[in-house]
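Structure record follows, encoded as C-alpha cells.
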Amino acid sequence: MIPRIALTLLAIVLVAGGIAALKHKQDAARLTRTTGGPPPATVTATRVEQTPWVQRIEEVGDLKAIDDVNIASEVPGTVAEINFESGAPVTAGQVLVRLDATQENAQLDALRAELKLANLELDRITKLRRTPAFSQALLDKAQSQMASLAAQVERQAALVRRKTLRAPFDGILSIRQVSLGTIVAPGHPMVRLQSLDPIYADFSVSERHRGQLRPGQELEISVAAWPGQVFKGQLMVVSPDVDVRTRALKLRGKLANSNLQLQPGMFATVHLILSGAEPVLTLPRTAISFLAYGESVFTIKESDAGLTAHRQQVTVGRTRDERVEILSGLATQQLVVHTGHLKLREGQPVTIVDGVVMPAGVKDQ
C-alpha cells in the first residue's frame, strides 16, 4: 500500500496545481482587459446646434375682462321685466331689466300737472307787469314755485329712469340672478356683464428686468383649454411701483379675442418677447446629465483606435421645446452622446447607431 505520507503529498500537489491554474486564468483575463479594454457601448449621437432664440421672459398670469360689472339697481323695487338670456351678447344701451315703476310714474304725472299749472300762473302774472295790479313779490313767488316744481319733476323722472337697467357697454352676460317678481334692494346683483374682446392678461416679472420693459412689446400666451395654440398680444402697462414683498413688477397685456376662446379667470402661461432672435448653442435635453455636482455630457472623439466617450462639464441656461441652451463647455457642431450616456465610463469605446455619424477622417474637439 502507498504510504499515507505519499498520499498527503499528492493531495498537496493537486491543490497547489489547481490554485496555480486558477491564478493563471485570472491573470490572463486581466491582461486581456488591459490590452483590449471593455467592449464598445452602443449609443446615439447628436451635434451641438446654433439655434436662433428670441430673448423672452416666461411667467404665469391671469386673464381679465377689459370691463367687468355686476348690473344692479340703484333703487329698491320689484322685477317686472327681464329682457335678456343668460350668456347672451348685448350692446351698450340695451334694456336688460325693468323694475315696477307704476307708483313713481303716477307721481311724475302729478308733478308734471302741477308744473303745467304753475307755468300758466306765471304767464298770467307776467302779463300784469304793466298794470296797477302787478306785484313784484307775487311774480317772484310764481317764479320760485315754477322752478321748484321743475326740479321735482326732474328728480322724479330720474327715479323712474333708474327703474330701467341698461347695458353700460357691449359685452357678454353671465347667468342671471333674479326672476320676475323678485324684490330687490339697492345694490342687489342681477347679472354680470363682461367685455371680452379684447381681453387683458395680468402677470408679474422680477424687478431686475425693469430696464428691458416697454409698452408695445409682443406677448405670446397659452392656456390649458387650448393646448398647442398660441395667442399673440402686446404689453400695454408697466406698473410704476414694485411689490415690497416679492420685488416684482405688475404688467398688463392686451390680446384680441374675437372668437371668445379666452375667458376671464383662465390661468395663462405668458411669454414676453424682449428682443429679436439671437444665436445660441443648444442640445436636446436628453443629452445632458443633470447631477448633484453640475451638468455634464459625453463628447465623442475619434482617434486611430476608434470612437471614445469623454465626460465634459457644461453650463446650461434656458430650456425651450425640449432643447437646452449651452452657455459654456461646448462648441458648435461638437459631437456628443444623445442617448445611452447613463451606461458610459470615461474613455469607453462607443459605437454610434441610429443617430448622427461622424464623417470618416474628421476629428472632433
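The values are calculated or read from the model by the stated rules, or taken from the named source; none is laboratory data. For clarity, every value in this text was computed on a predicted model and none was experimentally measured. Positions of Cβ are backbone-derived with ideal geometry, glycine not excepted, and every protein chain shown enters the neighbour counts.
Observations
Rundown of residues vs (1) within 30 Å of ALA110 (Cβ to Cβ); (2) assigned by TED's automatic domain parsing to the domain that holds GLY61; (3) in contact with a strand residue (DSSP E or B) (Cβ under 8 Å, 6 or more places away or on another chain), yes/no style:
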{"residue": "ALA150", "(1), (2), (3)": "yes, no, no"}
{"residue": "ARG162", "(1), (2), (3)": "yes, no, no"}
{"residue": "ILE172", "(1), (2), (3)": "no, no, yes"}
{"residue": "ARG176", "(1), (2), (3)": "no, no, yes"}
{"residue": "HIS188", "(1), (2), (3)": "yes, no, yes"}
{"residue": "TYR200", "(1), (2), (3)": "no, yes, yes"}
{"residue": "GLU207", "(1), (2), (3)": "no, yes, yes"}
{"residue": "VAL223", "(1), (2), (3)": "no, yes, yes"}
{"residue": "LYS232", "(1), (2), (3)": "no, yes, yes"}
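- Residue within the range 220-241 that is among the aromatic types (Phe, Trp, Tyr) and more than 23 Å from GLY171 (Cα to Cα) present: no
- The one condition in (1) among the hydrophobic types (A, V, I, L, M, F, W, C); (2) under 25 Å from VAL191 (Cα atoms); (3) surrounded by 16 or more Cβ atoms within 10 Å (Cβ to Cβ) that VAL95 fails to fulfil: (3)
- Hey, GLU104 surrounded by 12 or more Cβ atoms within 10 Å (Cβ to Cβ), outside the structural domain of GLN263 (by TED's automatic domain parsing), under 19 Å from ARG166 (Cα atoms) and touching a helix residue (DSSP H, G or I) at 6+ places or on another chain (Cβ under 8 Å) or not: yes
- Strands (runs of 3 or more DSSP E) (entirely within the range 247-313) containing at least 1 residues that are of a type in the set (Phe, Trp, Tyr): 267-284, 289-291, 294-303
- Members of the range 237-247 that are surrounded by 12 or more Cβ atoms within 10 Å (Cβ to Cβ) and either of a type in the set (Gly, Ala, Ser) or in contact (Cβ under 8 Å) with a residue 24 or more places away in the chain (or both): VAL238, SER239, VAL242, ASP243
- Qualifying position, being among the hydrophobic types (A, V, I, L, M, F, W, C), assigned by TED's automatic domain parsing to the domain that holds ALA45, modelled with pLDDT of 85 or more and within 30 Å of THR269 (Cα to Cα), among VAL297, VAL337, VAL316: VAL316
- Output for the range 39-58, where each listed residue is surrounded by fewer than 17 Cβ atoms within 10 Å (Cβ to Cβ) and under 19 Å from PHE267 (Cα atoms): GLU58
- Positions within the range 319-334 being modelled with pLDDT under 85, of a type outside the set (S, T, N, Q) and in a strand (DSSP E or B), in sequence order: ARG320
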